[in-house]
1. Could you tell me what percent of the accessible area of segment 62-118 is made up of carbon and sulfur, with a 1.4 Å probe and every protein chain present?
2. Gain in length, T42 to Y272, computed as 0.36 nm per residue apart minus the alpha-carbon separation, to one decimal in nm?
3. Heavy atoms only, probe 1.4 Å: what % of the accessible area of segment 204-246 goes to carbon and sulfur, would you let me know?
4. Suppose R0 equals 56 Å. What FRET efficiency, 1/(1 + (r/R0)^6) with r the Cβ-Cβ distance, do Y191 and A145 give to the nearest 0.05?
5. Rounded, prolate or oblate: which fits segment 185-334, taking a ≥ b ≥ c as square roots of the Cα gyration tensor eigenvalues, rounded meaning a/c under 1.5, else prolate when a/b beats b/c?
6. With every protein chain present, what is the per residue accessible area of the chain (1.4 Å probe, Å²)?
7. For segment 301-334, which chymotrypsin sites (Phe, Trp or Tyr not before Pro) are in a loop by DSSP, counting at most 14 other Cβ atoms within 10 Å?
8. Could you tell me the center-to-center distance, by alpha carbons, between segment 272-325 and segment 52-69 in angstrom?
Amino acid sequence: MYRIIKILKKFNIYNAACFCLSLKLILLLTGCGATQEPIVRTGFYFDTVIRITIYDAKKEACIESCFELAQKYENMLSPTVEGSDIWKINHSNGEPVEVSDETIMLLETALFYCDITDGLIDITIEPLNELWDFHTKEQVPSAEAISETLNHIDYNNLLIEGNTVTLLDPKASVSLGFIAKGFIADKMKEYLISQDINSAIIDLGGNILAVGSKPDGSPYKLGIQNPFDEQGTPIATLSVTDKSLVTSGIYERCFYQNDILYHHILNPVDGYPVKNNLLSVTILSDSSVMGDALSTSCFVLGLEDGMKLIESLDDIEAVFITDDYVLHYSDGLN
């Protein structure tokens, strides 16, 4: 319990927790004030397009600094960037590896979500991600390959001592894909606020973080995508001020084989995509790292247990969409 409280205090979310693909959200930027037009720039990081929007023409250079932060953390946290902290852990052959304070903090936070989901979130799932490889393959792995891979998935094999990380199973490897973009979005917000930018939108490939409100004081309108709608039409919109909105769902990285849908949110227990009649889960929270982690955690837990988790937390709301396209709101949104 001490480790959990220590982690949550680092992210200022202790009161809230006293008990991967983040998908596209449609940003509706209408009526943003008569005198301040948005400055919008895009870049390509984390294998996706990211977009930074600010409402202060004099601070346009700050967007480039946000992109520099994106590059910094991609070089630190990506499992595919040679020399990153995560790459070094995954290629350590079971030997201890020293990593940065921020990587340790994020690993510890990720382990917390492994604990509260009883292993339905497992940060050593990377071998299974690589086996399915939704980026380049559209093929179901063999049952034998899945069974062999599952032998190397167990987050209890990740040992942290100070700034040293050891994978007790040399064939294990780590992925922070369910939490890293939320962490990076929070870091960008922290930077923008330090530069006196109080109206901005950070969009890291669907992880949306609203900084403050629109320049006229009104809230942003953020849309939750209608699953499988090719036009990206929102199925619902939320009025958001100084909040994070993150969605995990099954409708972008997926394929059909023999009329069966296979998607990228994998179950580390049986090795196959999660089956629980959910299409997506959207989390509204103050902390984007928490929203990122909870969107996937609640998805794998399912509607009943995921909603119980949300209702046990302070200042966290959620929208679950089931496969009959019914929207299930947490109490605060009702």
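The values are calculated or read from the model by the stated rules, or taken from the named source; none is laboratory data. All of these numbers come straight from a predicted model, not from anything done at the bench. Cβ: placed from backbone, ideal geometry, glycine included. Neighbour counts: every protein chain shown. Surface accessibility is based on the protein's heavy atoms, side chains included, excluding ligands, DNA and RNA. Shrake-Rupley method; radii C 1.70, N 1.55, O 1.52, S 1.80 Å.
1. Working: 1030 of 2360 Å².
Of all accessible area on segment 62-118, carbon and sulfur atoms account for 43 percent.
2. Working: separation 230, 0.36 × 230 = 82.80 nm, distance 3.41 nm.
Extending this stretch completely gives an extra 79.4 nm.
3. On the way: 620 of 1480 Å².
Of the solvent-accessible surface of segment 204-246, carbon and sulfur hold 42 percent.
4. Once rounded, the FRET efficiency stands at 0.85.
5. On the way: a/c = 1.87, a/b = 1.74, b/c = 1.07.
Verdict is prolate for segment 185-334.
6. Working: 14610 Å² over 334 residues.
Roughly 44 Å² per residue, with all protein chains present.
7. Working: sites: F320, Y325, Y329; in loops: Y325.
For chymotrypsin sites (Phe, Trp or Tyr not before Pro) across segment 301-334 that sit outside H, G, I, E and B with at most 14 neighbouring Cβ atoms in 10 Å, the list reads Y325.
8. Cα centres, segment 272-325 to segment 52-69: 31 Å.
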